[in-house]
1. Could you name the aspartates and glutamates whose alpha carbon sits less than 13 Å from that of LYS21, not counting residues in the same chain fewer than 8 places away?
2. Charges on Cβ only, +1 for Lys and Arg, -1 for Asp and Glu, centred on the Cα centroid of the range 2-90; of GLY22, THR44, HIS57, which one is farthest towards the dipole's positive end?
3. Under 24 Å Cα-Cα from LYS17, which lysines qualify once same-chain neighbours fewer than 8 residues away are excluded?
4. Which shape class applies to the range 1-98: rounded if a/c is under 1.5, otherwise prolate when a/b exceeds b/c and oblate if not, where a ≥ b ≥ c are the square roots of the Cα gyration tensor eigenvalues?
Amino acid sequence: MAFFDDLSKKITDASTKTIQKGKDLTDVARLNSQISAEENRINTLYGMIGKQYMELHRKDAEDAFAGLVASVAEAEQNIAACRAKITELRAVPHCPNCGAELVKGAAFCGICGTPIPVAPAPAPVAVPAPQQPVQAAPVAPAPAVPVEAPTTPVQSAPAAPAVKFCPNCGVKMPADAQFCAECGTRF
């Protein structure tokens, strides 16, 4: 019986050690997670410190930070240039007063209510008429082809952006508009 008692003790000891190692690994993983969270917090704080320093010392940065401040200012200029190019490519008009994007054909800014001047229409270009009219050859009608109903379910269209309607003229406007782009009524 001593053999079985000794074997039972060894199994119990091995089980206890395995359980303890499992608990230790769990504790290590939890502590590593806490370390990672604190490192992320520190990096966020470093970013906030840098941003605040930049706001306070943009023009009078210490020599040790002058190069970094200049690099941030250069990056900000590049961002502004890229945004201007995007605006130019999108051909979206902006309010001359507040800079808000205007709805196409707007008579008033939807944000500040400023009247928008109407640009004169370009002069029509005269197109010379062709010398001889071209006659099209008669085309035989195409044979009728039966159309089958689609077998896949039709997906619904995505939800439309939130809008509101002018109480004065009924024009549909973006939900964030404070003035009607058509008649200038304040919402």
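Computed from the coordinates by the stated procedures, all read-outs in this text should not be read as laboratory data. These figures come from a predicted structure and were not determined experimentally. Cβ placement follows ideal geometry from the backbone for every residue including glycine, while neighbour counts extend to all protein chains displayed.
1. Answer for LYS21, where 13 Å is the Cα cut-off: ASP13, listed by chain and number.
2. GLY22
3. Qualifying lysines at Cα under 24 Å: LYS9.
4. On the way: a/c = 6.41, a/b = 3.07, b/c = 2.08.
In terms of gyration-tensor shape, prolate.
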